[in-house]
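For reference, the structure discussed in these notes is given below.
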Amino acid sequence: MTDQPVGKIVAIAVRTAKEGPMQELTKATARAGRGIKGDLRAWTHRGVTLISSEDWQQVTSELGIALPWHTRRANVLVTGLTMADLIRRTVRFGEVTLEVRAETLPCELMDRLHAGLWNALKPNCRAGVYGKVLTGGEFKVGDSVEVIAQPPTT
C-alpha cells in the first residue's frame, strides 16, 4: 500500500500530424524509450505528455471558452494529481512506467489555436509535464496513475 497520490486517466490522444488534429483513444500502447504507438515521433526523454484535468478546466474558465483538452496537444489527461509534484518522479499507469522529466512549456502554437492560451498555460505547470517511457505496455482510460518512485536525493 502507498501513501503517494493516486490519480486517474480521463482521456488519451495522439498527434496525427504536425499541428494537425489529435485523435482520441480509449486505450493505447506506450513503447519503452519511445512514445505512444500511433503518435508522431517523440524524443526519447519526452515520450508521453500528461496534463491535469483540473488545470485545463481552470485555463478554459479563465479564457471563457470551452476548448477540447487535447487543444493543448498532450497525450494523457489525468485527474487527481498536481503536475508539478510529479517532476523527477516515476509514475505507473496500466502496464507503463514513466519517468517524469520536466514541465512542458507552452509554445506560440497555443495562441494560434486560441488567442490567450499560451499565457493561460504558463503558470503553475498548467501545460503539463513530459516523461520518458521506462516500461512499455498498454494503458486505458480509467486506469489509476500512481507515483511509485521519489526523486533521487543528491
Residues of region 94-104 being at pLDDT below 95 and more than 12 Å from the chain's Cα centre (by Cα), in sequence order, are none
Enumeration of residues in region 36-71 that are closer than 25 Å to Val6 by Cα, out of contact with any helix residue (DSSP H, G or I) (no Cβ under 8 Å at 6 or more places or on another chain) and touching a residue at least 60 places away in the same chain (Cβ under 8 Å): His45, Arg46, Gly47, Val48, Thr49, Gln58
Within the bounds of region 21-32, is there any residue that is in a loop (DSSP other than H, G, I, E, B), more than 15 Å from the chain's Cα centre (by Cα) and within 15 Å of Val145 (Cβ to Cβ)? no
Just give me the residues in region 103-145 being charged (D, E, K, R), surrounded by fewer than 16 Cβ atoms within 10 Å (Cβ to Cβ), free of Cβ contacts under 8 Å to residues at least 60 places away in the same chain and outside any helix (DSSP H, G or I), in sequence order. Glu108, Lys122
Return the residues of region 66-90 that are in a helix (DSSP H, G or I) and surrounded by 15 or more Cβ atoms within 10 Å (Cβ to Cβ); say none if nothing qualifies. Trp69, His70, Thr71, Arg72, Met83, Leu86
Subset of region 122-149 that is in contact with a helix residue (DSSP H, G or I) (Cβ under 6 Å, 6 or more places away or on another chain) and of a type outside the set (D, E, K, R) - its residue that is nearest to Leu67 (Cα to Cα): Ala127
Scan region 29-55 residue by residue and report those that are within 18 Å of Val141 (Cβ to Cβ) and either among the β-branched types (Val, Ile, Thr) or at pLDDT 95 or above (or both). Thr29, Ala30, Ile36, Val48, Thr49, Leu50, Ile51, Ser52, Ser53, Glu54
Suppose we filter region 88-112 for residues that are closer than 15 Å to Gly7 by Cα and among the hydrophobic types (A, V, I, L, M, F, W, C); how many remain? 5
If we keep just the residues of region 39-65 that are under 14 Å from Lys132 (Cα atoms) and surrounded by 13 or more Cβ atoms within 10 Å (Cβ to Cβ), which is nearest to the chain's Cα centre (by Cα)? Leu50
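Do we have Thr97 as surrounded by 15 or more Cβ atoms within 10 Å (Cβ to Cβ) and outside any strand (DSSP E or B) here?
On the way: surrounded by 15 or more Cβ atoms within 10 Å (Cβ to Cβ): yes; outside any strand (DSSP E or B): no.
Criteria not met by Thr97.
The values are calculated or read from the model by the stated rules, or taken from the named source; none is laboratory data. Owing to the predicted nature of the structure, the values given are computational and were not obtained by experimental measurement. Counting neighbours? That spans all protein chains shown, and the Cβs are built from the backbone with ideal geometry, glycine included.
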